[in-house]
Amino acid sequence: MNLLALAGGVGGAKLADGLQRVVGENLSVVVNTGDDFQLHDLHIAPDLDTVMYTLAGIANRANGWGIEGDTYNNLEMISQYGGEDWFRLGDRDLATHLLRSQMLRGGYTLTHVTRNLSNALGVRANILPMCNEPVATIVNTNAGELAFQEYFVHRRWQPILKSYRFHGIDKARVTPEITNAIQNAHAIIFCPSNPFVSIEPILSVKGMRDLLKKSRAPKIAVSPIVGGEALKGPAAKMFQELGMEASAFQVAKLLRGTIDRFVLDRIDEAQAPLIKDLGMRVWVTDTVMRNEVGRERLAREICEWVTR
Ligand code: FO1
């Protein structure tokens, strides 16, 4: 069975890992690149790397991002020079950014570079950046307009969000690799990633929504909001600041018209009838992936549900 997953960072990477454990190289993961930015003249792609390291089995277990056991000698030196040290690039992680930047400067696409790096790390799934063109998520907050990592990491998502936009999205196009993966997918899974700044940038790439609409594969979303709280990061806070209730039902409403099935945590079971009323089939299970066993179990349940 060919699976296509849409993912942002840590939460999405966990389910992608579960799916890879079930179908191996028959998984393609389309990853948000709106979080990408330039630092020390390097191209940093946090979500791509989080997915890549997780699928390679080398992600830092405590953070979910970065590499397990990495050291920070370069960061100490940057700090000593008075350079920008708020974004913690580990020594091993730095190699990824150096090589990626070098290959991009050499004229290779981000899709090509990502395949190269992830193959070298032994990743079985096909990790696909949402587009090859640069796209940058910009948030408008009570502290003014901020680049995404400035908001997320430097300011620890404390500014109040008013709105957001994806700079460069008008020039972004679905890649041939993504077109192929969507056309061949037997199921399309929206991982539990932030609907505003992880899933929406992917869907906003020109051609993406049309391709998804044309696909007859079941389209299943797993809620990143469980019991009114985000599994990780600012999603719940963002819902509130944008004037919406932070709930699985609200996630389903945002994705109405794009998905036809919804995976709901047991804790939110009372919302199942509301989501069914949106015209979606609902599967209630334990969605919080505490370890690798949990990731694989959830992935397997989803695969069995769609083939039933
Ligand atoms: N997140 C942090 O909260 N602090 C960091 O210092 C940090 C460094 C970092 C380095 C490489 C990388 O690939 C990711 C990193 N992240 C860090 C995570 C990341 O920027 C965010 O979690 C995502 O952009 C949101 O999906």
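The values are calculated or read from the model by the stated rules, or taken from the named source; none is laboratory data. None of these values were measured; they are calculated from a predicted model. So basically every Cβ, Gly included, is an ideal-geometry build from the backbone, and we count neighbours across all protein chains shown. In case anyone asks, the SASA skips ligands and DNA or RNA and just uses the protein heavy atoms, side chains included. Shrake-Rupley method; radii C 1.70, N 1.55, O 1.52, S 1.80 Å.
Data overview
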| quantity | calculated |
| --- | --- |
| Gyration tensor verdict on the stretch 147-291 (Cα atoms; rounded if a/c is under 1.5, prolate if a/b is larger than b/c, oblate otherwise) | oblate |
| 0 to 90° range, to nearest 10: angle between helix 110-120 axis and the chain longest Cα axis | 90 |
| Average Cα contact separation per residue, the stretch 90-206, under 8 Å, 6 or more apart, as relative contact order % | 22 |
| Ellipticity estimate at 222 nm from DSSP helix runs (n ≥ 4, -39,500 (n - 2.57)) divided over the chain, nearest 500 | -11000 deg cm²/dmol |
| Spatial separation of Cα centroids for the stretch 254-298 and the stretch 21-51, in angstrom | 24 |
| Three-way shape label, the stretch 67-202, alpha-carbon gyration tensor, a/c 1.5 | oblate |
| Listed peptides 234-247, 41-54 by packing density, highest first (mean Cβ within 10 Å) | 41-54, 234-247 |
| Heavy-atom accessible area per residue - the stretch 227-273, 1.4 Å, Å² | 45 |
| Cα-based helix-to-principal-axis angle, 46-56 vs the chain, degrees rounded to 10 | 70 |
| Antiparallel DSSP beta bridges within the chain, percent to nearest 5 | 40 |
| Tyr151 accessible area, assembled protein chains, probe 1.4 Å, Å² | 0 |
| Under 17 Å from Lys206, Cα to Cα: aspartates and glutamates that are on another chain or at least 8 residues apart | Glu133, Asp170, Glu177 |
| ³J(HN,Hα), Karplus 6.51/-1.76/1.60, whole Hz, each residue of the stretch 142-158, x for Gly, Pro | 5, 9, x, 7, 10, 5, 4, 5, 4, 5, 6, 8, 5, 9, 6, 6, 7 |
| Full-extension gain in nm, Leu39 to Asp85, via 0.36 nm per residue minus C-alpha separation | 15.6 nm |
| Local electrostatic count at Leu110 - Lys and Arg +1, Asp and Glu -1, tallied over other residues with Cβ under 9 Å | -1 |
| Candidate lysines for bridging to Lys14, where Cα separation is under 25 Å - those fewer than 8 sequence places away on the same chain excluded | Lys219, Lys232, Lys237, Lys253 |
| Cα gyration tensor shape of the stretch 27-120, rounded if a/c is under 1.5, else prolate or oblate by comparing a/b with b/c | oblate |
| Summed residue charge, Cβ within 15 Å of Leu55's Cβ, Lys/Arg positive, Asp/Glu negative | -1 |
| Portion, in percent, of the accessible area of the stretch 62-159 that falls on carbon or sulfur, probe 1.4 Å | 51 |
| Net charge of neighbours whose Cβ lies under 14 Å from the Cβ of Arg156, counting Lys and Arg as +1 and Asp and Glu as -1 | +3 |
| Karplus 3J(HN,Hα) series, Hz, for the stretch 266-272 with 6.51 cos²θ - 1.76 cosθ + 1.60 (x for Gly, Pro) | 3, 4, 9, 3, 4, 8, 4 |
